[in-house]
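*Asks:* Sharing a structure with you now.
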Amino acid sequence: MRTKMRIMGLDAETVKPLNEAAAAELGAELLGEATIFVVGGGCLMLEYWRQKRQHRRKKRQQHVAWDAMQDEVGRLALALEALQVQVQVAPQRCDLEELRKQIEEVRAQLCAPEGDAPEEEPTTE
C-alpha cells in the first residue's frame, strides 16, 4: 500500500496498516499491473526494433536501386557518346547521294555493251 501511495504521489507515512487479506489482494493487483506494464513495454520495444530494422532494409534496397540506376545512366551516357561519334564520322547525306550517282554510272558502264559505252565527259581539274 505504501508503494501504491508513493506512486500516486501521496504521503506514505500516514497510511494505516492493512489486514493480511487486503494486503495480499493489493499486492496481487500491483503485481498484475506491473506484469501487464512490463509485457506491454516489451511489445512496444520489440515493435520499435522491428520497424527500425524494416526501415533500414528498405533504405538499403532503395540505395541499391539508386546505385543501379546511376550505373545504367552512366552506361547509357557512354553509349550515347559512342553513337554521337559514329554519327559525326558517318558521311553526310550529300556525300551518300554523290556515291550513289557514281555507283549508277559504274553500273551503266558495266551493263552497257562494248560499242554502246557512254562517252565520258572530259573533266577539268
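*Asks:* Go through the residues of region 34-49 one by one and say whether even a single one is modelled with pLDDT under 95 and either open to solvent by less than 100 Å² (accessible area, probe 1.4 Å) or among the hydroxyl-bearing types (S, T, Y) (or both).
*Replies:* yes
*Asks:* Restricting attention to region 10-22, which residues are open to solvent by less than 70 Å² (accessible area, probe 1.4 Å) and modelled with pLDDT of 75 or more?
*Replies:* Within region 10-22, just A22 meets the criteria.
*Asks:* Evaluate region 72-80: report whether one residue or more is over 23 Å from the mean Cα position of the chain (by Cα) and surrounded by 10 or more Cβ atoms within 10 Å (Cβ to Cβ).
*Replies:* Yes, because at least one residue in region 72-80 is over 23 Å from the mean Cα position of the chain (by Cα) and surrounded by 10 or more Cβ atoms within 10 Å (Cβ to Cβ).
The values are calculated or read from the model by the stated rules, or taken from the named source; none is laboratory data. Nothing here was measured: the structure is a model prediction, and the numbers come from that model. We place every Cβ from the backbone using ideal geometry, glycine too, and count neighbours over all the protein chains shown. Accessible surface areas use protein heavy atoms only, side chains included; no ligands, DNA or RNA. Shrake-Rupley method; radii C 1.70, N 1.55, O 1.52, S 1.80 Å.
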